[in-house]
Amino acid sequence: MVQYFSIIRGTVGYFTGNGGTIAWHIDTKSVVVIDAQMPATAKICLDGLNERTGSRPIDFLVNTHHHSDHTAGNVIFKPAAKKILAHVNVPKLQVEAAAGAAQTAQLMPGSRTPPPGTPPPLPRAQVVANATYEKTWRENVGDEVMALKHYGPAHTGGDSVVTLEKANVVHMGDLVFNRRHPFIDKPAGASIANWIKTLEAVVADHRKDTIYIHGHAGPKFQPTGGSADLLYMRDYLTALLEFVRGEMKAGKPRDVVVKITDPLKGFPDHGPLVERVLSAAWEELAA
């Protein structure tokens, strides 16, 4: 696990550690953090930010969605953050996910603690968003302008695309897994078909020179990139649906299809196919 800070453009940079990529904006008037990773790396990130800001309060901590590798660190950032901001579906999804993980742990023989990645068992106000929006949100943060938009169900049912307009930098959350197989959270409202549309819409809504921050990246790839990376992700998801649809039309049963490991044609960087993406695609097409 490697943690480091990197400046992207202007007042905006990113931090990598254990979990989804964290973005930050710092100017003389404001501090913004986007996503929170896990508690251990959240502390490393917060300490680094405090060195840069003189421990000024964080105006907004944004959660791009509810998954614990993006929100479990909320408990660390909470004392410093004036607001934790997310899509309106996120608090409910986060609470449900934590409860489900705890229940799973109780059913595991010999286990008394939730599995790794479960948000800490703290009072709800300390770990979930306390400010939400439904479709769009936009506000000045110091000399920057931050805008959030929900394009509908995609990776989950509560994804936000976060744009720092003056820097022309966009945090995609887990709407982009750069050259690695994604997690498609169907129980939380994911839609592969709308995810494809979302990626196209995001590219259309931004400039050609926009820099995008990806939630995750393959081991040989970067957590930032351009519009081509979003469209590559779109093409991967399209190919995934087409492949599973073809296997279904060929009469192959689900238990056979989800065990296919041959790399998806045209996407060798992702490596062998994995059951979680095949299962999600099958479930969506079967419905």
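Every number in this text was worked out from the coordinates using simple rules, so none of it is lab data. Just so you know, these numbers come straight off a predicted model, no measurement behind them. Please note: Cβ atoms are built from the backbone with ideal geometry, for glycine as well, and neighbour counts cover all protein chains shown.
Figure legend: label point modelled 7 angstrom from the Cα of PHE5 along Cα→Cβ; residues of the stretch 200-228 with amide N under 20 Å from it are 213-214, 223-224.
Fewest neighbouring Cβ atoms within 10 Å first, the residues SER279, SER6, SER191 line up as SER6, SER279, SER191.
Distance between the C-alpha centres of the stretch 206-228 and the stretch 1-75: 17 Å, rounded to the whole angstrom. Summed over qualifying helices (DSSP H, 4 residues or more, each -39500 (n - 2.57)) and divided by its residue number, the chain shows a 222 nm mean residue ellipticity of -10500 deg cm²/dmol.
Run the numbers on the chain and let me know its relative contact order in percent, using alpha-carbon pairs under 8 Å that are six or more apart.
Working: 583 pairs, mean separation 37.6, N = 287.
In percent, rounded to a whole number, it is 13.
For the stretch 241-287, trypsin sites (Lys or Arg not before Pro) meeting the loop criterion (DSSP other than H, G, I, E, B) and having at most 14 other Cβ atoms within 10 Å: LYS259, LYS265.
What value does the chain have for Rg/Rh, both radii from Cα atoms and Rh as Kirkwood defines it? Let's see the in-between values first.
Values: Rg = 18.8 Å, Rh = 19.4 Å.
So for the chain, dividing Rg by the Kirkwood Rh gives 0.97.
Its residue count N sets the reference 2.2 N^0.38 Å, and the alpha-carbon radius of gyration of the stretch 150-264 equals 1.13 times that reference. Greater than 26 Å separation of Cα atoms is the criterion. Which listed pairs, LYS208/LYS265; LYS43/LYS135; LYS197/LYS252; LYS43/LYS83; LYS220/LYS249, meet it? Listed pairs above 26 Å: LYS208/LYS265; LYS43/LYS135; LYS197/LYS252; LYS220/LYS249.
For the pair MET248 and ARG276 in one chain, pulling the backbone fully straight at 0.36 nm per residue adds 8.4 nm over the alpha carbon distance.
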